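Engineer: After the structure tokens below, expect a handful of questions from me.
The values are calculated or read from the model by the stated rules, or taken from the named source; none is laboratory data. Here the structure is a predicted model, which is why all the values come from computation and not from measurement. Cβ placement follows ideal geometry from the backbone for every residue including glycine, while neighbour counts extend to all protein chains displayed.
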Amino acid sequence: MSIRVTELTKYFGTQKAVDGISFEAKPGRILGFLGPNGAGKSTTMRMLTGYLEPSSGTASLCGFDTQLQNLEIKRLMGYLPENTPLYTDMYVQEFLLFVGHTYGLKDVKSRVVETIAAVGLETEQHKKIGMLSKGYKQRVGLAQAIIHNPEVLILDEPTSGLDPNQLAEIRDLIKSLGKDKTVILSTHIMQEVEALCDDVIIINKGAVVANHPIAELKHLHGNASLEEIFKKLTA
């Protein structure tokens, strides 16, 4: 089991942002992580990646505890946060070489070339990141998340800012990555979930209100659309 979460809870002061959630994510299946703004999605993702310490509960990736074995987690995980931190004064290729070296990749130059092609950055690779559009910056963020060929991908709003053509290309990339990796993606876009995900978790006010394969979830709700189910469960 690639990702296992047990009774994960997070308080910010007296406010409970995540309320004892438990779930599992499997290799070869893409898990959509849904919820309205403020539901606790990004907080959960930051705890999964080891960037935020839970108030209680545990999370593990490929058997490694996210709090106790942080270095191992970083090696096997790729993370695209909602607002990707990028070095905007660096050139695209230069930045990805830097990221590749931090992971200790052996043939880093060829891996950078492969990754740039995979995310469609060939025409932009010699530009400074700060000069790129939001959509291309998002591609750079995705490139840094996959350059080390991680076993687990955690993507927070991965298609934010992409135009329709870019959207289709990145969806295809994520779908292909999901064939042999464990992928969790957070999004507000129901069409995104329909196009990409095998399973879905919906959280509301920090608690899990649905956790099923998409087809099973629809069946449980009288074959309603995912958007209708989401509205009903998060009202």
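Engineer: Just wondering, is there one or more residues in region 192-204 that are at pLDDT below 90, surrounded by 15 or more Cβ atoms within 10 Å (Cβ to Cβ), in contact with a helix residue (DSSP H, G or I) (Cβ under 7 Å, 6 or more places away or on another chain) and polar (S, T, N, Q)?
Structural biologist: No: zero hits.
Engineer: Looking only at region 44-65, how many residues end up being buried (at least 16 other Cβ atoms within 10 Å of the Cβ) and in a loop (DSSP other than H, G, I, E, B)?
Structural biologist: Taking region 44-65 and keeping what is buried (at least 16 other Cβ atoms within 10 Å of the Cβ), we get 44-50, 52, 54, 57-62, 64.
Filter once more, so that each one left must be in a loop (DSSP other than H, G, I, E, B): 49-50, 52, 54, 62.
Adding up the residues that qualify gives 5.
Engineer: Whether any residue in region 78-96 is touching a residue at least 12 places away in the same chain (Cβ under 8 Å), among the hydroxyl-bearing types (Ser, Thr, Tyr) and surrounded by fewer than 14 Cβ atoms within 10 Å (Cβ to Cβ) is what I want to check.
Structural biologist: Here is the first cut: in region 78-96, the residues touching a residue at least 12 places away in the same chain (Cβ under 8 Å) are 78-82, 84, 86-93, 95-96.
If we keep only those that are among the hydroxyl-bearing types (Ser, Thr, Tyr) too, we end up with 79, 84, 87-88, 91.
With surrounded by fewer than 14 Cβ atoms within 10 Å (Cβ to Cβ) added as a condition, the list becomes 88.
Within region 78-96, one or more residues are touching a residue at least 12 places away in the same chain (Cβ under 8 Å), among the hydroxyl-bearing types (Ser, Thr, Tyr) and surrounded by fewer than 14 Cβ atoms within 10 Å (Cβ to Cβ).
Engineer: What is the residue count in region 52-77 for residues that are in contact (Cβ under 8 Å) with a residue 40 or more places away in the chain and of a type in the set (Val, Ile, Thr)?
Structural biologist: 1
Engineer: Here's something else I'd like to know. Looking at region 1-24 only, could you name the residues that are outside any strand (DSSP E or B) and either surrounded by 16 or more Cβ atoms within 10 Å (Cβ to Cβ) or modelled with pLDDT of 95 or more (or both)?
Structural biologist: From region 1-24, those outside any strand (DSSP E or B) are 1-2, 13-14; that's our starting set.
Passing the criteria: only Ser2.
Engineer: Kindly indicate whether Glu169 is closer than 28 Å to Thr115 by Cα, under 17 Å from the mean Cα position of the chain (by Cα) and surrounded by fewer than 18 Cβ atoms within 10 Å (Cβ to Cβ). Before the answer, list the steps.
Structural biologist: On the way: closer than 28 Å to Thr115 by Cα: yes; under 17 Å from the mean Cα position of the chain (by Cα): yes; surrounded by fewer than 18 Cβ atoms within 10 Å (Cβ to Cβ): yes.
When the stated conditions are applied, Glu169 passes them.
Engineer: Tell me, please, whether a residue that is aliphatic (A, V, I, L, M), outside any helix (DSSP H, G or I), out of contact with any strand residue (DSSP E or B) (no Cβ under 6 Å at 6 or more places or on another chain) and without any contact (Cβ under 8 Å) to a residue 60 or more places away in the chain can be found in region 111-118. Reasoning before the result, please.
Structural biologist: We begin by selecting, within region 111-118, every residue aliphatic (A, V, I, L, M); these are 112-113, 116-118.
Okay, now just the ones that are also outside any helix (DSSP H, G or I), so none.
No.
Engineer: Right, another one. Need pairs with beta-carbon distance below 7 Å; first residue surrounded by fewer than 20 Cβ atoms within 10 Å (Cβ to Cβ) and within region 25-43, second of a type in the set (A, V, I, L, M, F, W, C); sequence gap 6+ or separate chains.
Structural biologist: Filtered contacts from region 25-43: Lys26/Met1; Thr43/Ala17; Thr43/Val18; Thr43/Leu52.
Engineer: Output the residues belonging to region 88-98 that are over 19 Å from Ile174 (Cβ atoms) and in a helix (DSSP H, G or I). Step through it out loud before you land on a result.
Structural biologist: So the first thing to find is which residues in region 88-98 are over 19 Å from Ile174 (Cβ atoms), and the list is 88-95, 97-98.
Selection gives Val92, Gln93, Glu94, Phe95, Leu97, Phe98.
Engineer: Quick check on Ala215: is it aliphatic (A, V, I, L, M) and without any contact (Cβ under 8 Å) to a residue 12 or more places away in the chain? Walk me through how you get there before you give the answer.
Structural biologist: Details: aliphatic (A, V, I, L, M): yes; without any contact (Cβ under 8 Å) to a residue 12 or more places away in the chain: yes.
Spelling it out, Ala215 is indeed aliphatic (A, V, I, L, M) and without any contact (Cβ under 8 Å) to a residue 12 or more places away in the chain.
Engineer: Name the single residue that is farthest from Leu97 (Cα to Cα) among those in region 143-166 being surrounded by fewer than 17 Cβ atoms within 10 Å (Cβ to Cβ) and not acidic (Asp, Glu).
Structural biologist: Pro164
Engineer: Now a separate question. Just give me the residues in region 4-41 being over 15 Å from Leu155 (Cα atoms) and in contact with a helix residue (DSSP H, G or I) (Cβ under 9 Å, 6 or more places away or on another chain), in sequence order.
Structural biologist: Val5, Leu8, Lys10, Phe12, Ala17, Val18, Ile21, Pro36
Engineer: Across region 106-131, which residue is nearest to Ser160 (Cα to Cα) among those that are surrounded by 15 or more Cβ atoms within 10 Å (Cβ to Cβ), aliphatic (A, V, I, L, M) and under 22 Å from the mean Cα position of the chain (by Cα)?
Structural biologist: Among them, the one singled out is Val119.
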